[in-house]
1. Local charge sum around A:LEU261 (other residues, Cβ-Cβ under 9 Å, Lys/Arg +1, Asp/Glu -1)?
2. Out of all DSSP beta bridges in chain A, what portion is antiparallel? Express it as a percent rounded to 5.
3. Among A:ALA503, A:PRO293, A:THR185, pick out the residue whose Cα is farthest towards the positive end of the charge dipole of chain A, where Lys and Arg carry +1 and Asp and Glu carry -1 on C-beta, about the Cα centre.
4. Of A:TRP253, A:PHE4, A:SER85, which is farthest towards the positive pole of chain A's charge dipole, taken about the Cα centre with +1 and -1 on the beta-carbons of Lys, Arg and Asp, Glu respectively?
5. Taking A:LYS430 as the anchor, which lysines have their alpha carbon closer than 26 Å to its alpha carbon, excluding any fewer than eight residues away along the same chain?
6. Just to confirm the number: angle between the C-alpha axis of helix A:215-225 and the first principal axis of chain A, 0 to 90 degrees, nearest 10?
7. In percent, what relative contact order does chain A have, based on Cα pairs under 8 Å that are 6 or more apart in sequence?
8. Pairing the Cα long axis of helix A:502-515 with the longest principal axis of chain A, what angle in degrees results, from 0 to 90 and rounded to the nearest 10?
Amino acid sequence: MYIFALHFIPHSMNQTIRVRFAPSPTGPLHIGGVRTALYNYLFARKQHGSMILRIEDTDQARFVQGAEQYITESLNWCGIEFDESPGKGGPYGPYRQSERRELYQQYSDQLIASGHAYYAFDTPEELEALRKEGEKRKQPFIYNILSRQHLRNSLNQSPQETQQLLDSGYPYVVRFRIPENTVITMDDLIRGKVQVHSDTIDDKVLFKSDGMPTYHLANIVDDHLMKISHVIRGEEWLPSLPLHLLLYQAFGWDPPLFAHLPLLLKPDGNGKLSKRDGDRLGFPVFPLQWEDPVTGEKSSGYKEAGYYPEAFINMLALLGWNPGTEQELFDMDGLIAAFDIGRVGKSGSKFDPDKAKWFNHQYLIRRSNAALSDEFLPLLRERNISAKPEYVAKVAGLLKERLQFVSDLWEEGSFFFQAPITYDEQVIKKRWKADTPTLMLDLATMLESLEAFEEEEIDSAVKSWIETKGYGMGAVMNALRLLLVGTSKGPHLASIMTLIGKAETLRRIRFGVTTIHT
RNA sequence: GCUCCCUUCGUCUAGUCAGGUCCAGGACGCCAGGUUUUCAUCCUGGUAACAGGGGUUCGAAUCCCCUAGGGAGUACCA
């Protein structure tokens with residue numbers, strides 16, 4: 001038997017680059033979606049093209065209140081900007097499919113007129129029964145050349161019969177008529193050549209009985225009308241590519257170029273990353289915190305967890321793409337300059353929470369002390385602690401190397417703001433000897449006599465004091481640290497004393513000596 | 001079940017298109033040592049991978065075939 005062949009050979013279009021991110025407002029956007037938006041954005045900017053946001057809300061049943069706003073706010077937080085969007089408008093609007101609904105009917109009609117589509121009157125129940133039966137027989141039920149002659153559709157009816165049903169208001173859908181016995185050859189920017197036999201694909205519904213187009217129709221019509229040059233989307237769409245290409249052909253339109261991005265996988269086990277995984281595994285899957293409007297269930301977000309958007313984006317960009325060099329740190333401009341869709345990998349990537357934290361650390365240590373201070377001040381205020389920004393900046397400068405998030409500043413340096421009240425038992429056991437109290441009191445007296453209470457002076461004074469007295473460095477310093485910090489951690493003691501000041505230093509020593517008992 | 005996609009250290013990946021310079025490089029993590037008055041940082045070192053099997057070739061992570069595993073799709077959802 002002869003098999004027809006259909007080649008969709010991508011032609012180098014000398015047109016302007018236009019890409020779109022087209023989410024469905026059925027809930028919050030997770031990091032996989034953000035990455036898709038990001039790659040679209042990087043591609044558009046790199047090529048000096050346009051980035052469009054289109055809301056695909058053709059499914060009325062799955063509409064979620066607040067989801068569209070969430071999407072906009074998330075992308076905004078990430079620094080992903082649109083040239084055309086529902087909010088901003090643009091020459092090809094409206095950018096919400098629900099506002100374009102009148103548009104789609106004519107295209108559906110056009111396809112029926114040209115014989116590329118037909119009316120189908122099968123009920124959802126009938127189809128479900130057929131699918132179930134197919135499953136039982138281990139033979140897939142496909143609505144196409146193999147079965148359509150036995151089903152209730154205009155292909156098997158006289159025009160009068162069809163018209164009568166239509167006139168009577170009988171519910172119908174419009175289905176695309178997949179050409180039979182044809183090998184469809186497609187080209188993907190990431191995957192290369194992909195082939196599929198037309199008899200394995202469904203006569204997909206283009207127009208639903210509720211009067212709305214399905215994704216497939218609306219998507220193709222809008223991409224064409226909006227002059228989209230490249231469709232960059234998730235791999236879950238790859239199986240629909242033949243249908244989409246066939247649709248372009250049926251309309252007589254030039255298709256855009258396609259790139260199907262690999263999926264983001266669960267960090268543990270297998271499968272595509274899903275909304276539940278984040279809080280189950282202790283890391284966010286959403287850019288921003290999301291509260292379900294119906295159930296009230298909250299899911300954590302990167303922003304609230306303390307991530308910088310730059311770090312989040314950097315981490316996401318490298319999940320599935322790499323520049324081919326060993327550079328890992330990129331700001332948005334750097335990403336735009338380095339991005340190449342051809343260097344996107346083919347296999348799915350597991351998200352690594354540890355690496356995400358490392359990225360944040362990298363951005364944090366590069367931040368100015370003043371900025372860190374601004375970010376930490378509100379957290380101090382929450383604890384009813386007021387401090388001078390200059391002081392907080394100095395603390396931040398001293399501690400930033402050991403932080404992953406600004407909020408770690410409290411854990412690492414609360415003693416800069418609050419004298420210890422309790423002391424680490426382990427350290428007491430190890431460092432607090434019988435003669436330590438006297439020793440510490442002597443040290444306090446020496447410190448009190450210092451003229452200039454500055455880091456260098458303190459450091460040399462303490463060192464020479466220890467030397468002349470013949471004490472062990474470790475014994476003195478660790479005990480002193482216990483008194484000032486409450487445990488055995490923190491930066492150089494001279495730095496701590498300089499920052500908290502002479503009076504506070506002496507106070508802590510004298511208070512601790514009377515408080516610590518072994 | 002069927003269709004399509006994928007497969008290099010635990011993870012992200014370089015290298016695969018143009019076979020040799022790869023007994024496979026980097027990063028995160030982990031481990032050890034060094035520095036340090038503590039902890040952290042930092043520095044140095046280490047750990048650890050071409051899914052398996054056939055072929056082609058003087059030579060294969062790279063090309064071909066098969067097997068296995070994983071993923072996606074299979075809705076009047078997107």
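1. +1
2. Percent antiparallel among DSSP bridges in chain A is about 50.
3. A:ALA503
4. Checking the options against the dipole of chain A, the answer is A:PHE4.
5. A:LYS463, A:LYS469, A:LYS489
6. Compared with the principal axis, the helix lies near 90 degrees.
7. Working: 740 pairs, mean separation 64.3, N = 518.
Relative contact order comes out at 12 percent.
8. 80
The values are calculated or read from the model by the stated rules, or taken from the named source; none is laboratory data. The structure presented is a predicted model; accordingly, all values stated were derived computationally and were not measured. FYI the Cβ positions are ideal-geometry reconstructions off the backbone, even for glycines, and counts take in every protein chain you see. Areas reflect the complete protein model, heavy atoms only, side chains present, ligands, DNA and RNA absent. Shrake-Rupley method; radii C 1.70, N 1.55, O 1.52, S 1.80 Å.
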